[in-house]
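The structure under discussion appears below in the form of structure tokens.
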């Protein structure tokens, strides 16, 4: 199997965190490029831009896997599978993904096995599951800061010690990118107001 991955250095490191199998040909690129014989193309730098989607649709690969937390499959071409590739989430051994076709699911599972990762298939909802939960934790931390209950540093420390999270909410938001969190919460808030971003989060994100 020939797998081509478009990724920046940090996402490449996360995808490779469990090591790489020599049983597949894995090619790393910075941008979308057509390479003969590609079976699976993984776009970790995906943005929901018509020009980028058009480039991906023109690839000869039978399966396109994209890092798309905010977009659902009904917004994307039929041979796409979406994964949760937000910074810090991709380095885990299990990767959240959504896909409706069983043949494509099997191909995606095989592709990720060459990165020594497995796929957890979850409902095709905006934000997947873990990113929804973490974004709401970050949002609640901003409400707490807004109310002057404590400082960012103290909230981070309390959450790491009290819940054994790998990062405090503010530390995590920096690694993920606060703009990513804000955009997800804003999209979810159109469906349910409980996801409304805190005013301070919005100010810092934009």
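Bear in mind these aren't lab numbers, they're just calculated from the coordinates by the rules spelled out. Since this is a predicted model, take the numbers as computed values, not measurements. Note that each Cβ is placed from the backbone with ideal geometry, even for glycine, and that neighbours are counted across all protein chains shown.
Each DSSP beta bridge with both residues in the chain is either parallel or antiparallel, and the antiparallel ones are about 10%. Each Cα pair under 8 Å and six or more residues apart adds its separation to the average, and for the chain the resulting relative contact order is 17 percent. The residues 26, 42, 83, when put in order of fewest to most other Cβ atoms within 10 Å, stand as 26, 83, 42. Computed from Cα atoms, the angle from the helix 130-146 axis to the main principal axis of the chain rounds to 20 degrees.
Antiparallel versus total DSSP beta bridges in the range 65-160: what percent is that, nearest 5?
Numbers: 2 of 9 bridges.
Bridges in the range 65-160 that DSSP calls antiparallel: roughly 20 percent.
Could you estimate the translational diffusion coefficient of the chain from the Stokes-Einstein equation, with Rh from the Kirkwood formula over C-alpha pairs, at 25 °C and 0.890 mPa s, in whole µm²/s? Answer, rounded: 137 µm²/s. Mind grabbing the base-10 log of I(q)/I(0) for the range 130-205 at q = 0.11, 0.22, 0.26 Å⁻¹? Debye formula, identical points on the C-alpha positions, no solvent, two decimal places. Relative scattering, expressed as log10 I(q)/I(0), comes to -0.24, -0.96, -1.27.
In deg cm²/dmol, rounded to 500, what helix-only [θ] at 222 nm does the chain give when every DSSP H run of at least 4 residues adds -39500 (n - 2.57) and the total is split over its residues? Working shown, then result.
Working: 8 runs with 83 residues, N = 206.
Computed mean residue ellipticity for the chain: -12000 deg cm²/dmol.
Report, in cubic angstrom per residue, the convex hull volume of the C-alpha atoms of the range 2-121.
Given the Cα convex hull of the range 2-121, per-residue volume reads 92 Å³.
Stretching residue 196 away from residue 151 to a fully extended chain increases their span by 14.0 nm, per 0.36 nm per residue minus the current alpha-carbon distance.
Here the scattering of the range 80-153 is modelled by Debye summation over its C-alpha atoms, one equal scatterer each and no solvent; at q = 0.13, 0.20 Å⁻¹ the log10 of I(q)/I(0) is -0.49, -0.84.
A simple spin-label model places the labels of residue 48 and residue 167 2.2 nm from each other, with each point 7 Å out along Cα-to-Cβ.
Going by a ≥ b ≥ c, the root eigenvalues of the Cα gyration tensor, does the range 1-50 fall in the rounded group (a/c under 1.5), the prolate group (a/b larger than b/c) or the oblate group? Please report the intermediate quantities before stating the final value.
On the way: a/c = 2.38, a/b = 1.16, b/c = 2.05.
The shape class here is oblate.
Neighbouring Cβ atoms within 10 Å as the yardstick, rank 196, 96, 153 fewest first.
Least to most surrounded, the residues fall as 153, 196, 96.
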